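*Asks:* I have a structure here, written as structure tokens, and I will follow up with some questions on it.
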Amino acid sequence: MKQYLIVIEKTNTGYSAYSPDLQGCVATGSTKKDVEKNMIEAIEFHLEGLQAEGLTIPSSSSYSKTIKIPS
């Protein structure tokens, strides 16, 4: 099982998501739950496509961290 960081952003119509480690792999959804489900499906599809073309499956190298900015 591979794990990938996804970034979820609020939009005017719901949510969008992407994975920094998988260029071009994106999804949208009307709720956070929807976009997470859709992103899982998008990543699975993306990885299947890479594999079918004989390309290397990227490893996850991104991470996230919340930082405090002095006010």
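Laboratory data are not the source of any read-out in this text; all were calculated from the coordinates shown. Just so we're clear, the structure is a prediction, and the values are computed from it rather than from any experiment. Using ideal geometry, Cβ is built from the backbone for each residue, glycine included, and neighbour counts are taken over all protein chains shown.
*Asks:* Each residue of the range 16-24 in turn: what ³J(HN,Hα) in whole Hz from Karplus with 6.51, -1.76, 1.60 and θ = phi - 60°, glycine and Pro shown as x?
*Replies:* Running phi through 6.51 cos²θ - 1.76 cosθ + 1.60 with θ = phi - 60° gives 10, 9, 8, 10, x, 8, 10, 3, x Hz.
*Asks:* Still on this structure, I have one more. What net charge is computed for the residues neighbouring residue 39, neighbours being all others with C-beta under 13 Å from the C-beta of residue 39, Lys and Arg scored +1, Asp and Glu -1?
*Replies:* -3
*Asks:* Take residue 48 and residue 30, extend 7 Å from each Cα along the Cα→Cβ direction, and tell me the distance between the two endpoints in nm.
*Replies:* The answer from the label model is 2.5 nm.
*Asks:* Taking 7 Å along the Cα-to-C-beta vector as the label spot, tell me the residue 23-residue 8 distance in nanometres, rounded to one decimal.
*Replies:* Here the answer is 2.7 nm between the modelled labels.
*Asks:* Further question on the same structure: If I fit a long axis through the Cα atoms of helix 32-52 and take the longest principal axis of the Cα atoms of the chain, what angle between them do I get, 0 to 90°, rounded to 10?
*Replies:* 30
*Asks:* Go through 56-65, 40-49, 2-11 and give me the packing order, highest mean Cβ count within 10 Å leading.
*Replies:* 40-49, 2-11, 56-65
*Asks:* Sticking with this one: Which of the listed residues, 27, 52, 42, is farthest toward the dipole's positive end in the range 7-52, when Lys, Arg count +1 and Asp, Glu count -1 at the beta-carbon?
*Replies:* Of the listed residues, the answer is 27.
*Asks:* Please tell me the relative contact order of the chain in percent, rounded to the nearest whole number, where contacts are Cα pairs under 8 Å and at least six residues apart.
*Replies:* Relative CO of the chain lands at 27 percent.
*Asks:* Run the count for the chain, please: Lys pairs, Cα-Cα under 23 angstrom, 8 or more apart or on different chains.
*Replies:* 12
*Asks:* Residue 41 versus residue 55, label points 7 Å from Cα toward the beta carbon: distance in nm?
*Replies:* Output for this residue pair reads 2.2 nm.
*Asks:* Given only helices, namely DSSP H runs of n ≥ 4 each adding -39500 (n - 2.57), what is the per-residue ellipticity at 222 nm of the chain, to the nearest 500 deg cm²/dmol?
*Replies:* -10500 deg cm²/dmol
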